[in-house]
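**Student:** Here it is, the structure, as structure tokens.
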Amino acid sequence: MSLNFPLLLVIAVFVCGLLALFDLIILAPRRRTAIANYQGSVSQPDVAVVEQLNKEPLLVEYGKSFFPVLFIVLVLRSFLVEPFQIPSGSMKPTLDVGDFILVNKFSYGIRLPVIDMKVIPVSDPARGDVMVFRYPSDPSVNYIKRVVGLPGDVIRYTNDKQLFVNGQMVAKQLIGSEPGTLGSAELYEEKLGEVQHQIRLEMSRYRAPPDHEWTVPAGHYFMMGDNRDNSNDSRYWDDPNIPKDELGMVPDKNIVGKAFAVWMSWPEPKLSHFPNFSRVGLIK
């Protein structure tokens, strides 16, 4: 069972805040009263005794110390920026295994932590955005893909690996090649919406059903990896618990945020393999 880190963080902030409040309202006045009574009962108060009477319980001391740090982490992580590490090559060449990325949590609206309810709309995902979201079949798992289809769009992907959006072919231009899983792979420049980015196609691999077509329902998004033949995305998801017209789609409630930068790359987090910063930059 995976840990629900946001929930644990909220609980930790609540407990530490409760301890700080309990000390402020109940324990601190008691300590001040005890010190005043002691000082009034002797002609020359002992500094060591005063310090002992004013000493906070260890649990309260820890709670008060951790509360501001945990509260700042909660605010930053829940509403501003959250770091993620790329675990697979599904977004090559844009993102590689081991890339550490930053995700803007407020681009698509302010959401409450844990329950992920949007309370302040900001903007909607745009075609071409690189987006982190919770996998519809298992919301405990975070995925990262590129937004290809918006609500109401008709997406078509053919067996010759050509993408169509609302009947319009998405143009791509060959820019190079590299070794592939089963031979060679070709790199293309593609434009989705206003975003110019690269995609990768394995020349010997055909995974998509021939001329398959999807209509994106309201409040949902169609996602694809830039490594088109090595990406578990909207084209392949299958879950009997999800309505047929929503199958393969990412609902708005599952959105985590917009990936906007790579800040470090560390494919093998070992002492013998140091992180590098050659890939640092904004994500296209």
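The values are calculated or read from the model by the stated rules, or taken from the named source; none is laboratory data. Because the structure is predicted, anything quoted here is derived from the model rather than measured. Every residue, glycine among them, receives a Cβ derived from its backbone with ideal geometry; neighbour counts consider all protein chains shown.
**Student:** How about region 251-265: which of its residues are touching a Ser or Thr at 6+ places or on another chain (Cβ under 8 Å) and among the charged types (D, E, K, R)?
**Tutor:** Once the filter is applied, which keeps residues that are touching a Ser or Thr at 6+ places or on another chain (Cβ under 8 Å) and among the charged types (D, E, K, R), region 251-265 yields only 258.
**Student:** Also, quick follow-up: Tell me, which residue of region 46-96 that is closer than 29 Å to residue 117 by Cα and among the polar types (S, T, N, Q) is surrounded by the most Cβ atoms within 10 Å (Cβ to Cβ)?
**Tutor:** For region 46-96, the residue satisfying everything is 90.
**Student:** Kindly indicate whether any position in region 272-279 is touching an Asp or Glu at 6+ places or on another chain (Cβ under 7 Å) and farther than 14 Å from residue 102 by Cα.
**Tutor:** No, every residue in region 272-279 fails to be touching an Asp or Glu at 6+ places or on another chain (Cβ under 7 Å) and farther than 14 Å from residue 102 by Cα.
**Student:** If you take the residues of region 182-195 that are of a type in the set (D, E, K, R) and either in contact with a helix residue (DSSP H, G or I) (Cβ under 7 Å, 6 or more places away or on another chain) or surrounded by 17 or more Cβ atoms within 10 Å (Cβ to Cβ) (or both), which of them is farthest from residue 217 (Cα to Cα)?
**Tutor:** 186
**Student:** Still on this structure, I have one more. Counting just the residues of region 53-84 that are among the polar types (S, T, N, Q) and without any contact (Cβ under 8 Å) to a residue 60 or more places away in the chain, which one comes out farthest from residue 142 (Cα to Cα)?
**Tutor:** That would be 54.
**Student:** Can you report the number of residues in region 163-181 which are within 18 Å of residue 90 (Cα to Cα) and surrounded by 11 or more Cβ atoms within 10 Å (Cβ to Cβ)?
**Tutor:** Total meeting the criteria: 5.
**Student:** Run residue 200 past the list (1) surrounded by fewer than 20 Cβ atoms within 10 Å (Cβ to Cβ); (2) closer than 18 Å to residue 93 by Cβ; (3) more than 23 Å from the chain's Cα centre (by Cα) and report the number of the one that doesn't hold.
**Tutor:** (1)
**Student:** To continue, here is another question. From the list 256, 216, 250, which one is among the β-branched types (Val, Ile, Thr) and either exposed (fewer than 14 other Cβ atoms within 10 Å of the Cβ) or over 14 Å from residue 127 (Cα atoms) (or both)? Give the steps one after another, and end with the answer.
**Tutor:** Details: 216 fails: either exposed (fewer than 14 other Cβ atoms within 10 Å of the Cβ) or over 14 Å from residue 127 (Cα atoms) (or both); 250 fails: either exposed (fewer than 14 other Cβ atoms within 10 Å of the Cβ) or over 14 Å from residue 127 (Cα atoms) (or both).
Only one candidate passes the filter, namely 256.
**Student:** Continuing with this model, one more query. Of everything in region 115-147, what is exposed (fewer than 15 other Cβ atoms within 10 Å of the Cβ) and either among the hydrophobic types (A, V, I, L, M, F, W, C) or outside the structural domain of residue 179 (by TED's automatic domain parsing) (or both)? Give them in sequence order.
**Tutor:** 115, 117, 119, 120, 122, 141
One line per residue, one yes/no per condition, for (1) at pLDDT below 95; (2) under 18 Å from residue 96 (Cβ atoms):
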| site | (1), (2) |
| --- | --- |
| 199 | no, yes |
| 206 | yes, no |
| 217 | no, no |
| 270 | yes, yes |
| 281 | yes, yes |
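**Student:** In region 142-185, what residues are more than 30 Å from the chain's Cα centre (by Cα) and not in a loop (DSSP other than H, G, I, E, B)?
**Tutor:** Of everything in region 142-185, those that are more than 30 Å from the chain's Cα centre (by Cα) and not in a loop (DSSP other than H, G, I, E, B) turn out to be 168, 169, 173, 174, 175, 176, 177, 179, 183, 184.
**Student:** Identify, from the list 36, 12, the residue that is assigned to a helix (DSSP H, G or I) and surrounded by 15 or more Cβ atoms within 10 Å (Cβ to Cβ).
**Tutor:** 12
**Student:** Continuing with the same structure: For region 85-108, give me the residue count where each residue is under 14 Å from the mean Cα position of the chain (by Cα), part of a loop (DSSP other than H, G, I, E, B) and in contact (Cβ under 8 Å) with a residue 60 or more places away in the chain.
**Tutor:** 4
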